[in-house]
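Input: a single structure, listed below in structure tokens.
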């Protein structure tokens, strides 16, 4: 130190100033630290809702109706008709038509031709004339007898009946016509007629020749 004081007086002064300055800085810094108090940060938790942005209403421009372009056509010119020319043409046509119309011919006589098939059909469809019973040497008999169906309604009611039928039997043993001589009601009559029509007979005979005859047949409905 003695060396410094003697040889370098300026350096000594500078060192003293620097040390003094550093001490002053340290004292100021320590006071500032003492004065300063710790600050506490406070936070408030608040639910924050973002503001709703209203969408701007876009107004559409009103539709403009397109005016239909109506093309105005000029009215058609009406041609004048010459009536005298038309009348002359009609008269000339009528004269031509009268000249060309043929004369009326007398109607031809149509000769009626009879078909053989129609005559055969009429002969088959025409009913034979029955022979009186007193002339017969043999009366018709059943070859195949069809038993009539008993009406269910009458059967449940325990009803019995007899239907008398007059049948026209031709020379072939076929039943050509049926008439009810004694009725027992619609149900019994229908069952009896159906049975007689489906049955087959041997023809009536006069000395060996088959003839047509009107024959009465009683049909009885009995419950067993």
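Quick note: the coordinates plus some simple rules give every number you see, no bench work behind them. Keep in mind that what you see is a predicted model, and the values were worked out from it rather than measured. Here the Cβ positions follow ideal geometry from the backbone for every residue, glycine too, while neighbour counts run over all protein chains shown.
Given the criterion in a loop (DSSP other than H, G, I, E, B) and either over 24 Å from residue 184 (Cα atoms) or in contact (Cβ under 8 Å) with a residue 12 or more places away in the chain (or both), identify the matching residue among 163, 131. I'd like the intermediate steps shown before the answer.
Numbers: 163 fails: in a loop (DSSP other than H, G, I, E, B).
Only one candidate qualifies: 131.
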*If you go through the range 176-186 one residue at a time, do you hit one that is within 24 Å of residue 126 (Cβ to Cβ) and assigned to a loop (DSSP other than H, G, I, E, B)?*
no
*asked:* For the range 147-166, check the following and say yes or no: at least one residue is buried (at least 17 other Cβ atoms within 10 Å of the Cβ) and under 30 Å from residue 208 (Cα atoms).
replied: yes
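Restricting to the range 197-214, what's the tally of residues that are surrounded by 14 or more Cβ atoms within 10 Å (Cβ to Cβ) and under 60 Å from the mean Cα position of the chain (by Cα)?
Applying the first criterion (surrounded by 14 or more Cβ atoms within 10 Å (Cβ to Cβ)) to the range 197-214 yields 197, 199-205, 210-214.
Now restrict to residues that are under 60 Å from the mean Cα position of the chain (by Cα): 197, 199-203, 212-214.
Counting residues in the range 197-214 that are surrounded by 14 or more Cβ atoms within 10 Å (Cβ to Cβ) and under 60 Å from the mean Cα position of the chain (by Cα) gives 9.
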